[in-house]
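*Asks:* Got a structure for you, questions after.
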């Protein structure tokens with residue numbers, strides 16, 4: 001029989017990419033057109049979260065079910081607070097003390113007493129008062145909450161998440177409406193850590209779990225032995241082009257192009273991830289070493305980290321990381337009680353890995369800074385925001401790192417306003433709040449529709465996104481691109497003889513840095529130069545792709561054995577930038593406050609623009625079977641492109657499953673890198689020396 005050649009060409013790939021782009025644009029327009037605009041009558045109100053419209057209603061909550069609510073009080077003199085923040089940014093006013101915040105802007109003890117007295121009279125049990133009198137916490141039943149606030153509490157399902165919320169806007173009783181801004185706790189949607197670990201990749205992959213890859217194979221670290229640093233994961237992530245061939249069941253295939261990562265059978269570099277960076281690699285790559293050489297390492301500054309649940313072994317793990325990586329001992333203080341471990345299997349175990357990453361990589365960037373870890377008892381936004389307010393009261397705190405987020409569409413707009421008031425109080429005290437933008441790109445893969453991460457979308461914080469970075473042999477940046485990975489499976493496991501898939505299986509988007517335009521906030525003044533009328537995130541980005549991730553060290557089992565692992569996520573970029581911001585404050589000799597407004601007016605060499613890129617050696621291939629030969633071009637092997645015009649691809653042999661894939665970089669769902677600010681990488685990545693030098697003279 002005559003062979004038939006079937007060509008998958010570039011035009012087909014680009015056409016499908018345009019189809020994805022058009023579909024997402026239509027969806028985005030529809031969402032914008034149907035945004036909630038109603039306001040409940042009668043005093044301060046909270047609107048039902050928009051996310052409810054895309055969830056399945058599972059029915060009413062039982063009236064006797066316990067609920068914990070938070071009544072957020074209104075701040076005083078909000079106009080004067082805004083003026084204070086503006087004056088501080090213009091160097092015309094100093095940071096305020098806690099006493100000044102309490103005297104001028106915070107709710108008063110009289111406010112708290114009046115609200116508490118009323119709530120008790122209605123049957124609520126007052127369980128606590130927040131820092132700066134910002135909120136009153138109460139315990140109640142669902143029935144009492146419904147009758148007192150005019151809401152209906154339902155359970156909902158959205159993909160894999162079950163949560164409680166009210167489809168009806170809450171109305172505050174007139175007795176407390178003048179004092180209360182919003183009610184938190186009606187919705188149980190909570191913050192999630194933005195840690196990204198390498199998945200295997202398979203036909204149904206959509207989410208990445210902390211404790212297992214997509215095929216259910218445990219994601220285990222390498223046990224830390226006597227090997228010197230740098231011999232666990234190679235700092236060379238992209239190797240010269242080569243080719244691989246597969247055959248089986250009457251099918252043969254050959255692919256050629258860039259190679260991602262070391263050979264997984266090369267035991268000198270381990271078998272968990274093909275590459276990963278240690279602190280010295282990125283200190284060189286991002287021009288941080290010259291700062292350390294002149295004493296600019298965060299000395300005299302304090303970085304706070306806020307995490308739920310924490311890690312029970314973080315002090316020992318951070319000490320081991322410092323010793324192993326050649327860093328000075330970490331100066332770590334812990335506030336709160338950690339309850340999770342890295343080897344736990346319960347639902348909150350991911351926060352232990354988050355905590356480890358946060359502490360170790362603040363220290364990696366700012367080795368002279370003090371670190372205060374504030375551990376909150378739960379991952380509710382109320383507890384985490386209370387942790388932020390606690391952190392801001394610590395003397396010398398100039399940066400507060402928060403590597404967690406929720407969805408903007410899942411948060412009550414009135415609660416957002418209350419949170420913004422708290423963020424402004426923190427900024428007025430001279431601290432910058434950093435928030436991760438999330439690890440799901442435009443979030444369609446996570447929740448089914450376009451959305452941005454929150455609180456990163458608030459104009460009163462600095463939103464930190466992610467990039468992929470590849471280093472050359474001298475540990476300098478070879479290239480950077482937007483963090484967004486697609487996988488296309490080419491061949492099955494080595495155990496099965498690696499037969500080729502016919503045709504290749506486009507698994508699509510795995511994860512990538514969050515970004516886009518807010519559906520809630522207007523554009524702040526500091527972003528007006530980038531166009532549009534909505535707040536845009538991220539503001540800045542740094543290393544986040546776990547395929548070009550970093551090493552962490554942690555207690556890997558109950559026996560106390562230490563493990564080392566390569567990891568990523570915007571949870572990595574956020575503590576890195578928080579560490580650099582501490583060094584900028586050291587250079588300036590004063591507390592600078594929120595970083596975001598400064599970023600848009602820095603000298604051109606302070607931030608490196610991450611621009612679109614591709615490769616002349618992107619993966620192509622062909623398959624021969626009984627029907628003939630099919631050629632597969634670089635676009636087909638990277639699908640779905642979702643409108644992306646540039647892609648960098650490489651052949652990848654998974655150390656977890658031993659399957660072969662095409663791995664793409666720069667395919668961040670519909671978020672593309674561009675010249676200047678873009679929704680995938682913001683303004684770009686900091687150039688350590690030039691970034692810090694922009695903040696004044698340092699006296700050696």
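Derivation of every value follows stated rules applied to the coordinates shown; laboratory data play no part. Just so we're clear, the structure is a prediction, and the values are computed from it rather than from any experiment. Cβ placement follows ideal geometry from the backbone for every residue including glycine, while neighbour counts extend to all protein chains displayed.
*Asks:* Using Cα centres only, tell me the gap between segment 105-173 and segment 648-679 in whole Å.
*Replies:* 44 Å
*Asks:* Points 7 angstrom from Cα along the Cβ direction at residue 472 and residue 65: gap in nanometres?
*Replies:* 5.9 nm
*Asks:* Any idea what the relative contact order of the chain is, in percent, if you count C-alpha pairs under 8 Å spaced at least 6 apart?
*Replies:* Numbers: 1870 pairs, mean separation 132.6, N = 700.
Relative contact order for the chain comes out at 19 percent.
*Asks:* Can I ask one more? Please state, to two decimals, what the Cα-based radius of gyration of segment 378-455 comes to when divided by 2.2 N^0.38 Å (N = residues).
*Replies:* Ratio of Rg to 2.2 N^0.38 Å for segment 378-455: 1.16.
*Asks:* When a/c is below 1.5 the answer is rounded, else prolate if a/b is larger than b/c, else oblate, so apply that to segment 368-512 with a ≥ b ≥ c taken from the square roots of the Cα gyration tensor eigenvalues. Walk me through the intermediate numbers first.
*Replies:* Values: a/c = 2.71, a/b = 1.81, b/c = 1.50.
Prolate, since a/c reaches 1.5 and a/b exceeds b/c.
*Asks:* Follow-up. Sorted by mean Cβ packing within 10 Å, highest first, what order do the peptides 525-533, 415-423, 341-349 take?
*Replies:* Ranked from most to least packed, the peptides come out as 415-423, 341-349, 525-533.
*Asks:* Assign one of three labels to segment 304-403, namely rounded, prolate or oblate, based on the Cα gyration tensor with a ≥ b ≥ c the square roots of its eigenvalues; rounded applies when a/c is under 1.5, prolate when it is not and a/b is larger than b/c, and oblate otherwise.
*Replies:* oblate
*Asks:* How high is the FRET efficiency between residue 98 and residue 345 when r is their beta carbon distance and R₀ equals 30 Å, given to the nearest 0.05?
*Replies:* In this case the efficiency is close to 0.15.
*Asks:* Still on this structure, I have one more. The chain: D in µm²/s via Stokes-Einstein (Kirkwood Rh, Cα pairs, 20 °C, 1.002 mPa s)?
*Replies:* The Stokes-Einstein estimate is 83 µm²/s.
*Asks:* Also: Of all beta bridges DSSP finds with both residues in segment 222-693, what is the antiparallel percent, to the nearest 5?
*Replies:* 65 percent
*Asks:* Where does the chain land at 222 nm, in deg cm²/dmol rounded to the nearest 500, when only DSSP H runs of n ≥ 4 count, each adding -39500 (n - 2.57), divided by all residues?
*Replies:* The helix-only estimate for the chain comes to -7000 deg cm²/dmol at 222 nm.
*Asks:* Compute the distance in nm between two label points, each set 7 Å from the Cα along the Cα-to-Cβ direction, one at residue 249 and one at residue 293.
*Replies:* Inter-label distance under the simple model: 5.8 nm.
*Asks:* Working out 0.36 nm times the residue gap between residue 57 and residue 319, then minus their Cα-Cα distance, what length gain in nm do you get to one decimal?
*Replies:* Details: separation 262, 0.36 × 262 = 94.32 nm, distance 4.77 nm.
Full extension from residue 57 to residue 319 adds 89.5 nm.
*Asks:* A further question follows. If each residue's Cβ is checked for other Cβ atoms within 10 Å, how do 581, 677, 351, 483 rank with the fewest at the top?
*Replies:* On the way: 581 33, 677 21, 351 29, 483 39.
Fewest-to-most ranking of 581, 677, 351, 483: 677, 351, 581, 483.
*Asks:* Can you give the log10 of the normalised intensity I(q)/I(0) at q = 0.20 Å⁻¹, computed with Debye over equal Cα scatterers of segment 45-189?
*Replies:* Here the Debye-derived log intensity ratios amount to -1.12.
*Asks:* How far is helix 413-428 tilted off the main Cα axis of the chain, in degrees rounded to 10, range 0 to 90?
*Replies:* 90 degrees
*Asks:* What FRET efficiency comes out for residue 76 versus residue 139 if R0 is 22 angstrom and r is the Cβ-Cβ distance? Round to the nearest 0.05. Spell out each step's value before the answer.
*Replies:* Values: r = 27 Å, r/R0 = 1.25.
So, using R0 = 22 Å, E works out to roughly 0.20.
*Asks:* Additional query: How far is it, in nm, from the label point at residue 120 to the one at residue 335 when both lie 7 Å from their Cα along the line to the Cβ?
*Replies:* If labels sit at residue 120 and residue 335, their model points lie 2.7 nm apart.
*Asks:* If one takes the longest principal axis of the Cα atoms in the chain, at what angle in degrees, from 0 to 90 and to the nearest 10, does the Cα axis of helix 381-392 lie?
*Replies:* 80 degrees
*Asks:* Please report the Cα spread of segment 582-700 along all three principal axes, rounded to whole Å, starting with the longest.
*Replies:* 73, 30, 23
*Asks:* Two-decimal Rg/Rh of segment 338-383 from alpha-carbon positions, Kirkwood Rh? Don't jump to the answer; show the numbers that get you there.
*Replies:* Details: Rg = 12.1 Å, Rh = 11.8 Å.
Here the Rg-to-Rh quotient is 1.02.
*Asks:* Here's a follow-up. Relative to the longest principal Cα axis of the chain, at what angle does helix 350-365 sit, 0 to 90 degrees, rounded to 10?
*Replies:* The answer is roughly 90 degrees.
*Asks:* A follow-up question, please. Ranked highest first by the average count of other Cβ atoms within 10 Å around their residues, in what order do 470-482, 51-63 fall?
*Replies:* Ranking, from highest mean packing down: 470-482, 51-63.
*Asks:* Now, a different point. Given R₀ = 35 Å, FRET efficiency for residue 626-residue 242 by Cβ-Cβ distance, to 0.05?
*Replies:* E(calc), rounded to 0.05, equals 0.80.
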